[in-house]
1. Quickly run through region 250-263 and pick out the residues that are crowded, with 20+ Cβ neighbours inside 10 Å and either more than 16 Å from the chain's Cα centre (by Cα) or closer than 18 Å to residue 191 by Cβ (or both).
2. Tell me which residues, restricted to region 303-339, are touching a Leu at 6+ places or on another chain (Cβ under 8 Å) and charged (D, E, K, R).
3. Identify the residue in region 80-109 that is near the ligand (Cβ under 10 Å from one of its atoms) and not in a helix (DSSP H, G or I) and, among all such residues, is nearest to residue 302 (Cα to Cα).
4. Every residue in region 252-291 that is more than 19 Å from residue 322 (Cα to Cα) and in contact with a Phe, Trp or Tyr (Cβ under 6 Å, 6 or more places away or on another chain), please.
5. Restricting attention to region 178-211, report how many residues are open to solvent by less than 40 Å² (accessible area, probe 1.4 Å) and out of contact with any helix residue (DSSP H, G or I) (no Cβ under 9 Å at 6 or more places or on another chain).
6. Inside region 166-251, counting only helices (runs of 4 or more DSSP H) that do not spill past its ends, which hold 2 or more residues that are closer than 25 Å to residue 100 by Cα?
7. Taking region 301-338 as the region of interest, how many residues are in a helix (DSSP H, G or I) and either loosely packed, with under 15 Cβ neighbours inside 10 Å or aliphatic (A, V, I, L, M) (or both)?
8. Take the residues of region 350-374 that are part of a loop (DSSP other than H, G, I, E, B), modelled with pLDDT of 75 or more and of a type in the set (A, V, I, L, M, F, W, C): which is least open to solvent (accessible area, probe 1.4 Å)?
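The values are calculated or read from the model by the stated rules, or taken from the named source; none is laboratory data. Just so it is clear, the structure is predicted and the values come from calculations on it, not from any experiment. Neighbour counts are summed over all protein chains in view; Cβ atoms, including those assigned to glycine, are modelled from backbone coordinates with ideal geometry. Heads up: the accessible areas ignore ligands, DNA and RNA and are worked out on the full protein's heavy atoms, side chains in. Shrake-Rupley method; radii C 1.70, N 1.55, O 1.52, S 1.80 Å.
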Amino acid sequence: MLVHSALMFFSVFSVALLVAAVSGCSDSAGGSTPVPPRVILSTDVANGLIDTHGAQGSCPVSFDAAASYFNDSDYQPQDVDDGLALAAALNLDAAGLLRVEGVVPTYGNATLPPTMLVARQIVVDLKGRGDIPVVPGAMAPAAQVLRAAPRWFDDREVAIAGPAGSFAASCRNAGVDFMRRRLMDLEEPVSLLAVGPLTDVACLLTIYPDVASSIAEIVVLGSRVEGDSLTVNGKVVNDFNFRTDPLGGAMLLAAATSPRVPIRLMAFRLTGQTSQDGDVIVLDASTLHGPDPPTEASQRSLAWLTDSAEPRQEFWSGIFGTPEGPFDQYVVAAVVWPDLFDCRPGLAYVQMCPVPAWSAEYPVDADGQPTEHPFNAEDNPCVDHGSANGGSLAAVPAQLVVALGSDASQPLVRGLPGVDGNIPDLGPARQVTVCVDFADATARRDFEDLLLEYTW
Ligand SMILES: [Ca+2]
């Protein structure tokens, strides 16, 4: 969850959007042949799993209706937007609108081992795409999130960033190696769709900077526009994909490849809209009906996706009172139908939310007892933090923020780098593209219609 997570009509607008989205190339007859965008998905696809988040050493990220956090050892029905987005991506591939070059599952919504089974269930079993590699990515975040950085025996801090740092030394895995190999093998650039924790895409750019020219764009489900509160029906929520690995997210933004890889952030100002009461895009058995006419395979796929989502939908609506709308699906749509969204230049940075409990500055009373929750002090620079939200945000060390249109030279990590949440000083802030709204009211309706058309 981001708290963090109809019909087979091929209408006129679908065709128009298709034409708008795909780039044309000249064929031998001088005409134009659409080339569908190529993508690799980095996804914490957890449909149907009752599991923990699999982020040992990370912050707890799920909460109940009273805004009390579950421990990371608690088992909950995990998010289903990844699987719905993956199924839609594979259906778009079959329709010639997208080319799925690989899937790299990661911890995040759930632990990695069963997440691999979910990915195979959707890619191989439901969609019959045994030709698409499904390769395991990260088991855990780049560093412990709510702990002080580890130290050497002589009291020096263990370095995280840089080619000799602990992140570059430890983040490599089969999924990261697969992404590099696939990128280098293909002649056309590939977009990376980051719809889970950012650990693996950050690792890829950090240890294999030579892939930069092979990446069209990295599209991320995450971020908030500077000053924005993140709420669903009035309840404060979290930027899940960044929150699960703030260091990985910061390392992605800091990656100094040549050329710089374009990064597009799908911000909550956009993606949160369709989960708000009165504007929810409902994706369940009451709205999804697959292609017309249905096939045995389409009915089986649709039934599995909707049946396996029921516990999660109950979990979500028990907290927010309405069904969960799409989140990760925005990233797939941004690649296939970019004109649906209002996207702008922005400056991305990481705002630390002091004060961590291990800091010398952490406030205590005369008896040494804490006078506030970590990360939740009054005057906290992180939006939504502070005493008004009780202790519910005490375990969020940093936020991913985008300043619209800013080209000012600012640090990437603001606050207390190197102490709070282990994120070191990583140089200047990062120019990105941030999508903040639908292009217009028609685009909002088209987005819903397209999701209903391709989600099965
Ligand atoms: Ca996800």
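1. So in region 250-263, the residues crowded, with 20+ Cβ neighbours inside 10 Å come out as 250-255, 261, 263.
Within region 250-263, 252, 253, 254, 255, 261, 263 qualify.
2. Once the filter is applied, which keeps residues that are touching a Leu at 6+ places or on another chain (Cβ under 8 Å) and charged (D, E, K, R), region 303-339 yields 328, 339.
3. If we take residues in region 80-109 being near the ligand (Cβ under 10 Å from one of its atoms) and not in a helix (DSSP H, G or I), then 80 is nearest to residue 302 (Cα to Cα).
4. Hits for region 252-291 are 266, 290.
5. Matching residues across region 178-211 total 1.
6. Details: elements: 166-170, 174-185, 199-207, 240-243.
So the answer is 174-185, 199-207, 240-243.
7. 16
8. Restricting to residues being part of a loop (DSSP other than H, G, I, E, B), modelled with pLDDT of 75 or more and of a type in the set (A, V, I, L, M, F, W, C), the top hit is 353.
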